[in-house]
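Below is one structure, written out as structure tokens, with a few remarks after it.
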Amino acid sequence: MENKTVYLNGQYLPLNEAKVSVLDRGFLFGDGVYEVIPSYSGHLFHFQEHLQRLENSLAGISLANPHTREQWLDILTPLLDANFDQYIYLQITRGAASKRDHAFPENIPPTVFAMCSAIVPIAGLSNGVKAISMDDTRWKFCNVKAITLLGNILHRQEAIDQGCAEALLIKDGYVIEGAASNVFAVIDGVLCTPPKGHDILPGITRDVILDLARKNNIPCSEDKIPFAALQKANEIWVTSSTREIIPIVELDAMPISDGKPGPVWQAMNQLFQAHKQALL
Ligand code: PDD
């Protein structure tokens, strides 16, 4: 195991020395939230937006933010290496109470953990990847970036078991998002993505893409996408902090358009890479 330095409750430790209690509510209940923040050449990408989402997630589970944004930056910066593209994983749980009880404990400090990992380029990105569609079986607060990810995990594993990279989740006849990503589709020349709400995680990559589309006169909409429209889309992409923008070229074993990444993806990927460089 790589023995990198991680942050745990005020200390920087080798990974194999970082330990939490078995009574930690993250372990017992999945009672916590997390963030994933990319870092390009040592610069945290859209840090303020990620911290805003962290604050929203904490508020969503009634857990106080243990740190100011300045403190978070001070905590995370020593974990970064300017020589690599990486991502920060940070997690806050409701701490370790003296006994297991569903109700919130009183006067217990949260557990705060952060580590940095390499961003591994997706193999065969320029050829696109395959996806399956599945009924969304997750809970009703998908806007909260909760560590309780069993629903997402089961969806994602089903996709992998079927030789696919992602599961697109369907609810009441509409596509919602991926198991670990947001979804975009190019339909009749318009770049479409489902609207924000309790159904989806408000992806930072999603917001960056919409902003880039608007600034570059690419028609776009934040509207519900019927599954039938998705199946006939010219292009489908999934987006996330760790995988950026990935073209889906096959959905449920049926090719999307000619089964190759489309021109809008090519254009947006270039805009996205240029945007990353501009922020360095
Ligand atoms: N997940 N929707 C879900 C369910 C996600 O898990 C993610 C990202 C996204 C995209 O959000 P963003 O663009 O802010 O990364 C959407 C992260 C990467 C993870 O769980 O590791």
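Just so you know, all these numbers are worked out from the coordinates, no wet-lab data involved. Owing to the predicted nature of the structure, the values given are computational and were not obtained by experimental measurement. Neighbour counts run over all protein chains shown; Cβ positions are idealised from the backbone, glycine included.
Here are a few things to note about the model shown:
- Cα-centre dipole for the chain with unit charges at Cβ (Lys and Arg positive, Asp and Glu negative), debye to 20: 240
- Cα extents for the chain along the principal axes, largest to smallest and rounded to whole angstrom: 57, 40, 34.
- Given +1 at the Cβ of Lys and Arg, -1 at the Cβ of Asp and Glu and no other charges, the dipole of the range 189-231 around its Cα centre is 80 debye to the nearest 20.
- The angle between the Cα long axis of helix 263-278 and the main principal axis of the chain comes to about 40°, on a 0 to 90 degree scale.
- The convex hull of the Cα atoms of the range 125-278, projected and averaged over all directions, covers 8.4 nm².
- Dipole orientation for the range 5-118: of the candidates 36, 8, 115, 8 has the Cα lying most toward the positive pole (charges on Cβ; Lys, Arg +1; Asp, Glu -1).
- Gain upon complete extension [residue 215, residue 23; 0.36 nm per residue less C-alpha separation]: 64.2 nm
- Using a Förster distance of 25 Å, the FRET efficiency for residue 172-residue 257 (Cβ separation, nearest 0.05): 0.45
- Against the chain, whose longest principal axis comes from its Cα atoms, helix 204-215 is set at around 40 degrees.
- Among 272, 54, 88 - extreme Cα towards positive end, dipole of the chain, charges at beta-carbon: 54
- Within the range 142-183: backbone nitrogen closer than 18 Å to the residue 228 label point (7 Å, Cα to C-beta): 170-176
- Residue-wise HN-Hα coupling along the range 23-36, computed from phi with Karplus coefficients 6.51, -1.76, 1.60 (Hz; x: Gly, Pro): 8, 4, 5, x, 6, 6, 10, x, 8, x, 10, 8, 9, 10
- Expressed in units of 2.2 N^0.38 Å, where N is the residue count, the Cα radius of gyration of the range 5-118 is 1.07.
- Separation between Cα centres of the range 93-116 and the range 210-280, rounded to whole Å: 39
- Cα-based Kirkwood hydrodynamic radius, the range 184-246, one decimal, Å: 12.0
- Fully extended contour minus Cα-Cα distance, from residue 123 to residue 280, at 0.36 nm per residue: 54.0 nm
- Restraint check, 145/196; 215/260; 171/196; 130/171; 224/276; 171/232, Cα-Cα greater than 24 Å: 215/260; 224/276
- Principal-axis analysis of the Cα atoms of the chain puts helix 47-60 at an angle of about 70° to the longest axis.
- Longest segment of the chain lacking GluC sites (Glu not before Pro) that sit in a DSSP loop with at most 12 other Cβ atoms within 10 Å: 107-280
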